[in-house]
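Report on one structure; see the data block that follows.
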Amino acid sequence: MTNKRCGFISLTGRPNVGKSTLLNQILGQKLAITSPKPQTTRHRILGIKTKDNTQFLYVDTPGIHGGSKNAMNKMMNRTASRAVADVDIVIFVVDATRWSQEDQMVVDKICHDEFPVIIALNKVDKIDKKDELLAIISKLHEKLPKAEIIPLSAKNGEGVEHLEAVVKENLPESDFFFPEEWVTDRSDKFLTSELIREKLMRSLEKELPYHLTVEIEQFKTEKKVLHIGAIIWVERDSQKAIVIGKKGENLKKIGSQARTDLERMFNQKIFLQLWVKVKSGWSDDLRALVKLGIKEDE
Ligand SMILES: Nc1nc2c(ncn2[C@@H]2O[C@H](COP(=O)(O)OP(=O)(O)OP(=O)(O)O)[C@@H](O)[C@H]2O)c(=O)[nH]1
Ligand SMILES: [Mg+2]
């Protein structure tokens, strides 16, 4: 028998509750992209943390939502549901400031399952009154009586160490699945396209970020400089004009924000080129989703 522990832990919840922020806080580095807009995460992302005799395999997932029914939205919900089916522990992330129908959808999905559920009651830094917090805790306790409830702030780290300790207690004994120095199973190219998409999510208004995706065309190091070329796919000419902005200013700003983060991530000088192109209806076209790397081929 090994004295090691290792297992998969999903971060599950409705959009915008702070799942990806929590993953980054746990890992102590930015791996998953985050934004104030719901449905930021589109893909399952594995964050690996190895500490002493334990390897934590955190699975960040797209938020489970009702909402629209195009191919990409259905794909995101399916990705999130599958991640819950294959894990040792579920962390149900809840926004302590707001309960919604979509949270209840998540409860309905996980309440009959066998695996341990831990509730991360997030964003407590936004709550001033203790009474409010106690009321939410007792409501959650009624819904999921076996689940341990841990109030925390993914943003400032309060309560996160306690969460990790509880996760550790619930992990099965097992050898490690990944080399100790690994942080994710995702490629540098994938992380790059995500970082660029984060800047787009954060700077563009309303619905537009949901109509675009990023494809990496070039990714190679020459004379110590990493040359990255990326296409931003949108659905219509009018969207292309907005992304580029007056005299190209918007695209320039997005490029420079992305480059700063990429240089930090790869610890290398980066030459980044962005193009905006139109492919009508890509988000509702399964073949396009596979080709753009958004949907894994089955
Ligand atoms: N005040 C506060 N804000 C937080 C906290 N955690 C996350 N946020 C904010 O909540 C927003 C959503 O965070 P994300 O981590 O992108 O949420 P998510 O659950 O991954 O969202 P989806 O990927 O869309 O499902 C961002 O603006 C975060 O900065 C927290 O503990 N406190
Ligand atoms: Mg997310």
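The values are calculated or read from the model by the stated rules, or taken from the named source; none is laboratory data. Computed from a predicted model, the values in this text were never measured in an experiment. Methodologically, a virtual Cβ is constructed for each residue, glycine included, from the backbone with ideal geometry; neighbour enumeration extends over all protein chains shown. With ligands, DNA and RNA removed, areas are computed over all heavy atoms of the protein, side chains included. Shrake-Rupley method; radii C 1.70, N 1.55, O 1.52, S 1.80 Å.
A few points about this structure:
- Residues satisfying the stated conditions in segment 58-74, i.e. open to solvent by less than 10 Å² (accessible area, probe 1.4 Å) and either acidic (Asp, Glu) or more than 14 Å from ligand 1 (Cβ to nearest atom) (or both): ASP60
- From the options ILE242, ILE232, ILE228, ILE216, residue that is touching a residue at least 12 places away in the same chain (Cβ under 8 Å), surrounded by 13 or more Cβ atoms within 10 Å (Cβ to Cβ) and over 18 Å from LYS189 (Cβ atoms): ILE242
- Counting only residues that are charged (D, E, K, R) and touching a strand residue (DSSP E or B) at 6+ places or on another chain (Cβ under 7 Å), segment 74-92 holds 2 of them.
- Residues of segment 16-48 classified as at pLDDT below 95, under 18 Å from VAL94 (Cα atoms) and either of a type in the set (Asp, Glu) or surrounded by 20 or more Cβ atoms within 10 Å (Cβ to Cβ) (or both), total: 3
- Residue within segment 268-289 that is under 21 Å from the mean Cα position of the chain (by Cα) and open to solvent by 30 Å² or more (accessible area, probe 1.4 Å) present: no
- Single condition GLU194 does not satisfy, out of (1) in a helix (DSSP H, G or I); (2) touching a Leu at 6+ places or on another chain (Cβ under 8 Å); (3) of a type outside the set (A, V, I, L, M, F, W, C); (4) in contact (Cβ under 8 Å) with a residue 60 or more places away in the chain: (2)
- Screening GLN55 against (1) touching a Ser or Thr at 6+ places or on another chain (Cβ under 9 Å); (2) open to solvent by less than 10 Å² (accessible area, probe 1.4 Å); (3) within 15 Å of ligand 2 (Cβ to nearest atom) leaves a single unmet condition, (3).
- Residue within segment 68-91 that is basic (Lys, Arg) and in contact with a Phe, Trp or Tyr (Cβ under 8 Å, 6 or more places away or on another chain) present: no
- Strands (runs of 3 or more DSSP E) fully within segment 1-82 counting 1 or more residues that are under 23 Å from ILE110 (Cβ atoms), under 9 Å from the mean Cα position of the chain (by Cα) and not assigned by TED's automatic domain parsing to the domain that holds VAL160: none
- Residue count for segment 153-191 under the criterion of being polar (S, T, N, Q) and free of Cβ contacts under 8 Å to residues at least 24 places away in the same chain: the result is 1.
- Verdict on VAL93 being touching a Leu at 6+ places or on another chain (Cβ under 9 Å), among the aliphatic types (A, V, I, L, M), near ligand 1 (Cβ under 8 Å from one of its atoms) and open to solvent by less than 50 Å² (accessible area, probe 1.4 Å): yes
- Considering residues of segment 1-13 that are open to solvent by 10 Å² or more (accessible area, probe 1.4 Å) and out of contact with any Leu (no Cβ under 7 Å at 6 or more places or on another chain) only, the residue farthest from ligand 1 (Cβ to nearest atom): MET1
- Segment 96-115: number of residues that are of a type in the set (Asp, Glu) and open to solvent by less than 10 Å² (accessible area, probe 1.4 Å): 1
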